[in-house]
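Notes follow once the structure below has been shown.
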Amino acid sequence: ELEAEIRLIRKRVAYDRALFLNPTYIGRDFQLMFLRSEYFDPRKAARRLVDHFQLKLVLFGIEKLVTDITLDDLPEDALDCMNCGNIQILPAKDRSGRTIICHAQKYQKYETSSLPEVRTIQDPLMQPSCAMVLDDGSLTK
């Protein structure tokens, strides 16, 4: 079903390029990540998958399209943004057992232009859900 939904998407140049370069990269486990993130809705998962490859192409180029992105692939300003400590994964889980990610906006030191690159790092352990806490400063007053 997912592949049928992908074929219905007209603008999928980056996805088609990735499929041509390395069909095994977009295997069952890879597709399952997108299905899980969209609660097994094939239409939404197809859109997310196609958008993933388009953004990956824009951010990292054709040479990284069918490889896993690592910290070594990120530019220096994105690494600085990650290391400044304003985004942290808390050691405890919430009541539903989800990972808690805390974003302390009050301590934001870097431009948000680096954040899309940070978001593209995949962590299957974070799927299908995690809890996100956005601290606008009110939690630390």
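The values are calculated or read from the model by the stated rules, or taken from the named source; none is laboratory data. Predicted, not measured: the structure shown is a model, and the values here were computed from it. Using ideal geometry, Cβ is built from the backbone for each residue, glycine included, and neighbour counts are taken over all protein chains shown. Ligands, DNA and RNA are stripped out before the accessible areas are found, and what is left, the full protein with its side chains, is counted by its heavy atoms. Shrake-Rupley method; radii C 1.70, N 1.55, O 1.52, S 1.80 Å.
Here are the numbers for the structure shown:
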read-out: The range 19-34: number of residues that are open to solvent by 60 Å² or more (accessible area, probe 1.4 Å) and more than 11 Å from Phe53 (Cα to Cα); value: 6
read-out: Inter-residue pairs, beta-carbon under 6 Å, first farther than 12 Å from Leu49 by Cα and in the range 1-18, second surrounded by 12 or more Cβ atoms within 10 Å (Cβ to Cβ), 6+ apart; value: Glu1/Pro42
read-out: Residues that are at pLDDT below 80, of a type in the set (A, V, I, L, M) and not in a helix (DSSP H, G or I), drawn from the range 91-121; value: Ile100, Ile101, Ala104, Ile121
read-out: Only one of Leu71, Leu55, Leu79, Leu90 that is of a type outside the set (D, E, K, R) and within 27 Å of Glu5 (Cβ to Cβ); value: Leu55
read-out: Meets criteria (more than 18 Å from the chain's Cα centre (by Cα) and open to solvent by less than 50 Å² (accessible area, probe 1.4 Å)) for Ala4; value: yes
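Yes/no matrix, rows are residues, columns are (1) β-branched (Val, Ile, Thr); (2) in contact (Cβ under 8 Å) with a residue 24 or more places away in the chain; (3) in contact with a Pro (Cβ under 9 Å, 6 or more places away or on another chain); (4) open to solvent by 60 Å² or more (accessible area, probe 1.4 Å):
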{"site": "Tyr39", "(1), (2), (3), (4)": "no, yes, yes, yes"}
{"site": "Lys44", "(1), (2), (3), (4)": "no, no, no, yes"}
{"site": "Phe53", "(1), (2), (3), (4)": "no, yes, no, no"}
{"site": "Leu59", "(1), (2), (3), (4)": "no, yes, yes, no"}
{"site": "Lys64", "(1), (2), (3), (4)": "no, no, no, yes"}
{"site": "Leu71", "(1), (2), (3), (4)": "no, yes, no, yes"}
{"site": "Leu74", "(1), (2), (3), (4)": "no, yes, no, no"}
